[in-house]
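Structure in structure tokens, see below.
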Amino acid sequence: MAAVETIDLRALDLAPGSETRMTVRVPALDLRLGGQDYRVEPPEPEVELRIGRSLSGVHLSLRTEVELVGPCWRCLEAARVRLAVESEEFAAEGRPADAPFDEDLDSAYV
């Protein structure tokens, strides 16, 4: 399974009230916190993605599990933390292109 950076939501052609589920690999970004570098393992985790359409917009949910690897914040020894990631996003449709960003209606990712 190859890593996916974008999904064409229009190509899914979902009718209001319907949804689709897919499993994809998504490239993870390295992280720098407090001057320390951390990485995600695996570097392209498998992600469960659910995409649904309503009359008002597109609903997305994402679920995956990864490990964050890097120095411990207290002792700076090598450390690994298992993380369960669950995220939901909504993007309203039909908003004017020049409307100001609204965190309840707009999505920075969609």
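Derivation of every value follows stated rules applied to the coordinates shown; laboratory data play no part. Please read all numbers here as calculations on a predicted model, not as lab measurements. Cβ coordinates were reconstructed from backbone atoms using ideal geometry, including for glycine residues, and neighbour counts include every protein chain displayed.
For the chain, divide the Cα radius of gyration by the Kirkwood radius and give the resulting Rg/Rh value with two decimals.
My calculation of the ratio gives 1.07.
Moving on to the next point. With unit charges on the beta carbon (Lys/Arg positive, Asp/Glu negative), name the residue among Leu62, Gly17, Leu49 whose Cα is farthest towards the positive pole of the charge dipole of segment 1-69.
Positive-end residue among those listed: Gly17.
In addition: What spacing in nm lies between the two simple spin-label points modelled at Ala99 and Arg63, each 7 Å away from Cα in the Cβ direction?
3.0
Measuring from label point to label point, each 7 Å out along Cα→Cβ, what is the Thr6 to Glu88 span in nm?
2.8
In addition: Can you tell me the relative contact order of the chain? Whole percent, Cα pairs under 8 Å, sequence separation 6 or more.
20
Once phi is turned into θ = phi - 60°, what whole-Hz ³J(HN,Hα) does the Karplus curve with 6.51, -1.76 and 1.60 give for every residue of segment 54-63, x standing for Gly and Pro?
So the J values, rounded to whole Hz, are 10, 5, 9, x, 10, 10, 10, 9, 10, 9.
Could you calculate the contour length gain from Cys75 to Val26, that is, 0.36 nm times the residue separation minus the distance between their Cα atoms, to one decimal place in nm?
Stretched out fully, the Cys75 to Val26 stretch lengthens by 14.5 nm.
Given Cβ point charges of +1 (Lys, Arg) and -1 (Asp, Glu) and nothing else, what value in debye, to the nearest 20, does the dipole of the chain about its Cα centre take?
The dipole of the chain has a size of about 300 debye.
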